[in-house]
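Enquirer: Handing you a structure now.
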Amino acid sequence: MNPRLRRCLNALLYGGLPLWGLLFVSCVMVRRPMFSPPQFTAGPMAGAQFVGSKECAQCHEEKVRSFGGATHSKLLAPGENAKNVGCESCHGPGSKHVQSGGEAGTIINPRQSPATCFECHADKRGEFALANSHPVLAGKVSCADCHNPHQGEMVIGGGARNLASMNDTCFQCHPSQRGPFVFEHEALRENCTTCHNPHGTVNAKMLKSRNASLCLQCHFQQQTATGQIVIGGRDHAGSLIRGTCWSAGCHEAVHGSHVNSSLRF
Amino acid sequence: MHLFRTSAPWALLLLAPCLAADDIVTRGTISVGAGGALQDGDRPSFQQIFQHRKTGYGGIEDFQLTSERKDTVFTFNARAMPGDDNYRLLARFEKTDKAYFEAGYTQYRVWYDGSGGYFRPTGTEFTVFDEDLSVKRSTLWAEVGLHTANHTMVKLRYERLGREGTKSSTFWGDTNLTGTFGGRGIVPTFYALDEVTNVFTFDIGNSALENAAWHVGARYAETTLDNRRHTRRRPQETADRIVTTHDDTKTDLFATHGYYQRQWGEKLSVSAGALITNVDSTIEGSRIYGQTFDPVYDPAYVRRQQRDEGYYDLEGTAELKQTVLNLNAAYAPSKHWSIRPSLRFENLHQESIAEFMETNIGPSPAFVAILEDGEGEHEKKWDEFSEAVEIRHTGLPNLTFSARGEWLQGSGNLEETRLLEHGAIVSIDRDTDTERTSQKYSFTSNWYAQPGLTLAAQYYYKVNQNDYEARRDNTPAGTSNRYPAYLANQDFETHDFNMRMFWRATPTLNLVTRYDVQQSKIHTGGEGLLMADSSKLTSHIVSQAATFSPTARVYLNANVNVTFDQMNTPAIAFVQHGDNNYVNGSLGCGFAAAKKDDFLVDASWFRASNFIDRSEFTQPYGVSMKQQALYLTWVRRESDRLIYTMRYGYITARDGTWVGRNDFNAHVVYGKVQYHF
């Protein structure tokens, strides 16, 4: 037998004996359930049962009333298979919450943990796990800081139904990007998400790309000469090799400038 | 921290009488925890990824107290975790259906790694400041609400938002220490931020009327920015110098809004809203070269180079006036159909003017400082109409359909002027008309196929078209100030689709599968040129989650995300594609080992492999990185009230892009005691 494999087997059999023993004893002795997060194994929520959304409306009438226009209300359907879809789809079984008269900690609050949101938005779990992301997994920022699951459009600003614009959602925490600037960057009018993915990317500052391809997505133009990369009518071949467009004094004022039309600084 | 210390005695004073009375039901939870890490390697990188201080943290993780009397509720919630600088103090006193008062303070710290770049052919890298950077965010607020007899709600709130500290920047400085390859921008840069916003809001409304709801509010926000960016250029060379860009802006924002909703029968609901916003800013700032941070401008600064332009004594004002009106309806002509049309109109007018002293440098070898009075002005007018219609159908059992169309038509004008030497030289005189149209069509369906099997799909197509017409433009061809007049057309087109399946394959196995695909194209037409495909973005994300409980006492959950994300550029001869691919996943297991003891095992890993070394020809960045983490957790439920938690973790991070400069290994320990009372 391969010596390495033999060592592994020996470690598993003999080194793992305490573990096997623990497993055996606990299998015989214990009958207690474990739940995968975001459900709770213990604490005030343990053992809660589903009560239905009508119970929630007793106290949260305003939330339930406005929910009809929310993006999440599209999940509501008639039929036997969809009968449990409602408030408790995200907040978990509510019987303990109802019994306690609405005590904090007796029901899942997705504002305090994104695990509930990730149950459907599984792609966002991966994005928030990246090193360059809003610190949602660290509990410092919540999905609900930017999204309203109970009312209107899913993003707090933007769309025809909202008074506030989508960028206002970002400006509430990033006021230095609001402007207005004497020389603005038209990309901001399109959206902050032209350059950033607010959930997270592999690149610093949640940029959608770390090099000049980010800027060239809008600033590339028809090229009429070989060996050149003309941007705004000017050859940038000698500049692009040096770094990103916004490095070291070329176009630093990416959100807008009070001094230069070329957003130099 | 100071605010926390000063607020705590007041909170205790509030708390004491509540606890002392006889007819009070009091309950709550207190959790005390501490953690730390033994690290080997780059500690700022550890802090950024795990958002905990490298030297450890500990304190009251959570304290919740609810005290109820017959018609009053007092809640108190606190956290005090020195080390992580994570504090929360919230007190709320509510007299049911009468009034409430709440006040609180929260604070947390976000860590950044201030690493710069790495130039592989010569192994060039720089550490020019302590890369251990962090920003403290804080919120202090007080709010009072009153309910009148007819359920009208009046609310007053004061909020103070703060952001202070240092964070990394991607505005890297340049170096010539790259052999024969020429200059490269890899020198790290950092921001020093100090931002404060004071917000006062007043809201009054009633949403408890039988067939109507209304709301009127006003908001005043005063923001003060005192932000600096420090860029080091050509360190370890004779031209070593620091550029400090200072933004000292004060903004007053005043916004009023109103909203009215009326219900006619069960079928029709109409709402209208209005928002008027005024923003007034005073602008100050500078960009000055020197040998230290925050230098005073020195025309004879000995290390000045030819392109060391900057400015000082920037003074200006900016105004923004915005009016938004919208009208929404929800009409249900039958039980299973609903139609929701929306209209929105926005008028925006903004103008700004800034005067500054521009600092230029003459040619080598004298590098004579040249000062010019400069002035920039802009005025922008913008009108935008948008319409949307959403139709929902719920007539089939276990099925939902919705379709939505959105249209936007915007038009406006931008005038920009740049003057030098008190108007003697008009370097920019531009008048640009812009038209913008947008269309978006989306479809959503959910199918609850059988108990435990749900399929959902969403698709949207969106196209934005921007047309620019430079009515007046004095910028000569081949110069650097051509935008935005240089643009003639720019179109954005996006297809986005996702589907999700939730399947309870067996009573013990839940599976969630999700696939997201998005493709965007940008077409750009420059002045006198044909439209070019300037970018193509493609993203595929496959996500799989599984939860398995083979017995009631064990759960296993696994999550995997596989992402292919590429920003394709046609300029591939000069710039590499933006590759942003990665795989990450996690595996968790919970096991009820004894009557009082649970064991949890959590593992996670991340891998990105995007680095392509084209250092000789272009900036090589593409992230290549590996991370693995394994945590073992023991939870002991000593009683219904008392729970102990102990955790040990081992983490490794390997960074290929920076050739190991950001690598680390860490042993992480954490303990918590939780008591319900």
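Enquirer: So how compact is region B:429-469: Cα radius of gyration and Dmax in angstrom?
Expert: When restricted to Cα atoms, region B:429-469 yields Rg and Dmax of 19.9, 67 Å.
Enquirer: Here's a follow-up. Figure the gain on full extension for B:E616 and B:T55 (residue separation times 0.36 nm, minus the Cα-Cα span) and round it to one decimal in nm.
Expert: 198.0 nm
Enquirer: Mind sorting B:K70, A:K208, A:K83 by how few other Cβ atoms lie within 10 Å of their own Cβ, fewest first?
Expert: On the way: B:K70 7, A:K208 20, A:K83 14.
Final ranking by Cβ density, sparse to dense: B:K70, A:K83, A:K208.
Enquirer: Would you kindly state how much longer the chain becomes between B:K267 and B:W141 on full extension, computed as 0.36 nm times their sequence separation minus their alpha carbon distance, in nm to one decimal?
Expert: Working it through step by step, the gained length comes to 41.3 nm.
Enquirer: Could I ask something else about it? In the P(r) worked out for region B:502-580, what percent of Cα pairs fall beyond 17 Å? List each step's numbers first, then the result.
Expert: Details: 1929 of 3081 pairs.
Result: 63 percent of Cα pairs exceed 17 Å.
Enquirer: Treat region B:198-334 as a sphere of radius equal to its Kirkwood radius over Cα pairs and apply Stokes-Einstein at 10 °C in a medium of 1.306 mPa s; give the translational diffusion coefficient in µm²/s, rounded to a whole number.
Expert: Working: Rh = 19.4 Å.
Taking Rh from Cα pairs, D becomes 82 µm²/s.
Enquirer: Would you mind computing, in nm to one decimal, how far apart the modelled labels at B:T122 and B:W407 are, each placed 7 Å from Cα along Cα→Cβ?
Expert: Here the answer is 5.9 nm between the modelled labels.
Enquirer: Which FRET efficiency value, to the nearest 0.05, do you get for B:D433 and A:Q58 by plugging their Cβ-Cβ distance into 1/(1 + (r/R0)^6) with R0 = 51 Å?
Expert: On the way: r = 56 Å, r/R0 = 1.10.
So the FRET efficiency works out to roughly 0.35.
Enquirer: Of B:Q48, B:T292, B:Y486, which is farthest towards the positive pole of chain B's charge dipole, taken about the Cα centre with +1 and -1 on the beta-carbons of Lys, Arg and Asp, Glu respectively?
Expert: Farthest towards the positive pole: B:Q48.
Enquirer: Helix-derived [θ] at 222 nm for chain A: sum -39500 (n - 2.57) over DSSP H runs of at least 4, divide by residue count, nearest 500?
Expert: Numbers: 12 runs with 75 residues, N = 265.
For chain A, the value works out to -6500 deg cm²/dmol.
Enquirer: Helix-derived [θ] at 222 nm for chain B: sum -39500 (n - 2.57) over DSSP H runs of at least 4, divide by residue count, nearest 500? All intermediate terms of the calculation are to be shown ahead of the outcome.
Expert: On the way: 2 runs with 27 residues, N = 677.
It comes out at -1500 deg cm²/dmol, rounded to the nearest 500.
Enquirer: While we're here: Over the C-alpha atoms of region A:35-109, what are the Rg and the largest Cα-to-Cα span, Dmax, in Å?
Expert: 12.7, 35
Enquirer: Might you report the magnitude of the Cβ-based charge dipole of chain B about its Cα centre, with Lys and Arg at +1 and Asp and Glu at -1, to the nearest 20 debye? Write out the running numbers ahead of the final one.
Expert: Numbers: 70 positive and 84 negative charges, 693 e Å.
So the magnitude is around 3320 debye.
Enquirer: Given a Förster distance of 45 Å, report the FRET efficiency between B:V216 and A:C8 from their Cβ-Cβ distance, rounded to the nearest 0.05. Can you show the working numbers first?
Expert: Working: r = 71 Å, r/R0 = 1.58.
Approximately 0.05, to the nearest 0.05.
Enquirer: Right, something else. Among B:G265, A:C215, B:V243, which residue has its Cα furthest toward the positive end of the charge dipole of the protein assembly as shown, with +1 on Lys/Arg Cβ and -1 on Asp/Glu Cβ?
Expert: B:G265
Enquirer: Scale the Cα Rg of region A:203-252 by the rule-of-thumb value 2.2 N^0.38 Å and send over the ratio, two decimals. Don't skip to the end; give the middle numbers.
Expert: On the way: Rg = 11.4 Å, N = 50, 2.2 N^0.38 = 9.7 Å.
Cα-based Rg divided by the globular estimate yields 1.17.
Enquirer: In addition: May I ask you to sort A:C120, A:C250 by Cβ crowding, counting other Cβ atoms within 10 Å and putting the fewest first? List each step's numbers first, then the result.
Expert: Details: A:C120 19, A:C250 22.
Fewest to most other Cβ atoms nearby, the residues stand as A:C120, A:C250.
Enquirer: Let a ≥ b ≥ c be the square roots of the eigenvalues of the Cα gyration tensor of chain A; is it rounded (a/c under 1.5), or, if not, prolate (a/b larger than b/c) or oblate?
Expert: oblate
Enquirer: Computed FRET efficiency, Cβ-Cβ of B:Y461 and B:H151, R0 45 Å: what is it to the nearest 0.05?
Expert: Details: r = 44 Å, r/R0 = 0.97.
The calculated FRET efficiency here is 0.55.
Enquirer: Obtain the nm distance between the two label points defined at B:F497 and B:L630 by a simple spin-label model: each point lies 7 Å from its Cα along the Cα-to-C-beta direction.
Expert: 4.1 nm
Enquirer: If you don't mind, there's one more thing I want to ask. Spin-label point model (7 Å from Cα, Cβ direction): what's the B:A366 to B:T180 distance in nm?
Expert: 3.6 nm
Enquirer: Report the paramagnetic label zone for B:V601: residues of region B:630-668 whose backbone N is under 19 Å from a point 7 Å from Cα along the Cα-to-Cβ axis.
Expert: B:630-636, B:646-652, B:668, by backbone N distance to the label point.
Enquirer: Right, another one. Calculate the dipole size of the protein assembly as shown relative to its Cα centre from +1 charges on Lys and Arg beta carbons and -1 charges on Asp and Glu beta carbons; express the result in debye to the nearest 20.
Expert: On the way: 94 positive and 101 negative charges, 899 e Å.
Around 4320 debye, computed over the protein assembly as shown.
Enquirer: Binned at 10 Å from 0, what are the whole-percent values of the Cα-Cα distance distribution for region B:254-373, short to long?
Expert: Distribution as computed: 11, 23, 16, 13, 12, 11, 9, 4, 0 percent.
Enquirer: Let me ask another. Where does the charge balance sit around B:R43 when Lys and Arg score +1, Asp and Glu -1, over other residues with C-beta under 13 Å from its C-beta? Don't jump to the answer; show the numbers that get you there.
Expert: Working: positive: B:R53, B:K54, B:R661; negative: B:D40, B:D42, B:D113, B:D130, B:E131, B:D132, B:D663.
Computed value for this residue: -4.
Enquirer: Sorted from fewest to most neighbouring beta carbons within 10 Å, what does the list B:D496, B:D565 look like? Present the calculation step by step, with values, prior to reporting the outcome.
Expert: Numbers: B:D496 17, B:D565 21.
Least to most surrounded, the residues fall as B:D496, B:D565.
Enquirer: Based on alpha-carbon positions alone, could you give the equivalent ellipsoid semi-axes of chain B from the gyration tensor, as √(5λ), descending, whole Å?
Expert: Values: eigenvalues 411, 271, 205 Å².
Each semi-axis is the square root of five times an eigenvalue, giving 45, 37, 32 Å.
Enquirer: Report the per residue volume, in Å³, of the convex hull enclosing the C-alpha atoms of the protein assembly as shown.
Expert: On the way: hull volume 167.8 nm³, N = 942.
Here the figure is 178 Å³ per residue.
Enquirer: If you add up the charges near B:D516, with Lys and Arg at +1 and Asp and Glu at -1, over every other residue whose beta carbon is less than 11 angstrom from its beta carbon, what do you get? Intermediate results must be reported in sequence, preceding the final value.
Expert: Working: positive: A:K124, B:R500, B:R514; negative: A:D123, A:E127, B:D496, B:D565.
Net local charge, B:D516 excluded: -1.
Enquirer: Choose one of B:A369, A:G102, A:L5: the residue whose Cα lies farthest towards the positive end of the charge dipole of the protein assembly as shown (beta-carbon charges +1 Lys, Arg; -1 Asp, Glu; about the Cα centre).
Expert: It is A:L5.
Enquirer: Over all alpha-carbon pairs of region B:537-677, lay out the pair-distance distribution in 10 Å bins, whole %, shortest bin first.
Expert: So the P(r) values, bin by bin, are 11, 27, 27, 18, 11, 5, 1.
Enquirer: Shifting gears a bit: Stretched out fully, how many nm does the piece from B:D203 to B:V32 gain, at 0.36 nm a residue minus the Cα gap?
Expert: Length difference between fully extended and current span is 57.8 nm.
Enquirer: Still on this model: Given the alpha-carbon gyration tensor of region B:200-251, what are the semi-axes of its equivalent ellipsoid in whole angstrom, ordered largest first, with each equal to the square root of 5 times an eigenvalue? Walk me through the intermediate numbers first.
Expert: On the way: eigenvalues 571, 26, 5 Å².
Over the Cα atoms of region B:200-251, the semi-axes work out to 53, 11, 5 Å.
Enquirer: What residues from region B:413-449 fall in the zone where the backbone N is under 18 Å from a label point 7 Å along the Cα-to-C-beta line of B:V389?
Expert: Hits in region B:413-449 for B:V389 at 18 Å: B:438-444.
Enquirer: Rounded, prolate or oblate, given the Cα gyration tensor of region A:174-257, with a/c below 1.5 counting as rounded? It would help to have the intermediate numbers written out before the result.
Expert: Values: a/c = 1.92, a/b = 1.51, b/c = 1.27.
Prolate, since a/c reaches 1.5 and a/b exceeds b/c.
We did not get these values from a lab; they are worked out from the coordinates using the rules stated. No experiment lies behind these values; they were computed from the predicted model shown. Because the Cβ atoms are built from the backbone with ideal geometry, glycine has one as well, and the counts that use them run over all protein chains shown.
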